[in-house]
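Have a look at the structure below before the remarks.
Throughout, read-outs are computed from the coordinates displayed, never taken from laboratory work. None of these values were measured; they are calculated from a predicted model. Because the Cβ atoms are built from the backbone with ideal geometry, glycine has one as well, and the counts that use them run over all protein chains shown.
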Amino acid sequence: MSDDQSSEKELGVHMANEIIILANDKLETGLHPLVIADALRHAAANFTAFAFAHGTDEALDNDEIVRDFVQMLEYYDSRHREGRAPKSGLEQLVEQVKNE
C-alpha cells in the first residue's frame, strides 16, 4: 500500500469515527439504534452515488460496494457480539441463506 493510500485509509477511519460520534449522540437522545443505522445506510448510499457520479468516470460498481459493506458489517457484528449470547436461530438461518 502506498503512503497516499495509507493516508487516505487513515483519513477514512477518522471520518468514520466522527460519524459514529454523531450516531452515539443521536442514540443518547433516545433514537432507536436501528433508525440511526437506517439513516447512516441512506446517507452512505446517497454519498456513494454522488462520489461515483461526480468523482470518477467509472460506473457504479454495486458488487464491489456490497462485498465491502458485507465484509465490514460481519467484522463489526462479531466485535460487538463478543462475550454476548450466541446468535438466535433466526439470525443463524439468515446467515445460512446469505451464504448459499
What does the charge dipole of the chain about its Cα centre add up to, to the nearest 20 debye, if the Cβ of each Lys and Arg holds +1 and the Cβ of each Asp and Glu holds -1? 580 debye
Would you mind classifying the chain by shape? Square roots of the alpha carbon gyration tensor eigenvalues, ordered a ≥ b ≥ c; an a/c under 1.5 is rounded, otherwise it is prolate if a/b is larger than b/c and oblate if not. prolate
Estimated vicinal HN-Hα couplings, Hz - the stretch 28-33 in sequence order (Karplus 6.51, -1.76, 1.60; Gly, Pro = x): 5, 7, x, 5, 5, x
In sequence order, what are the phi-derived ³J(HN,Hα) couplings for the stretch 61-75 according to the Karplus relation 6.51 cos²θ - 1.76 cosθ + 1.60 with θ = phi - 60°, rounded to whole Hz, with x for glycine and proline? 9, 4, 4, 5, 4, 5, 4, 4, 4, 4, 4, 5, 4, 5, 4
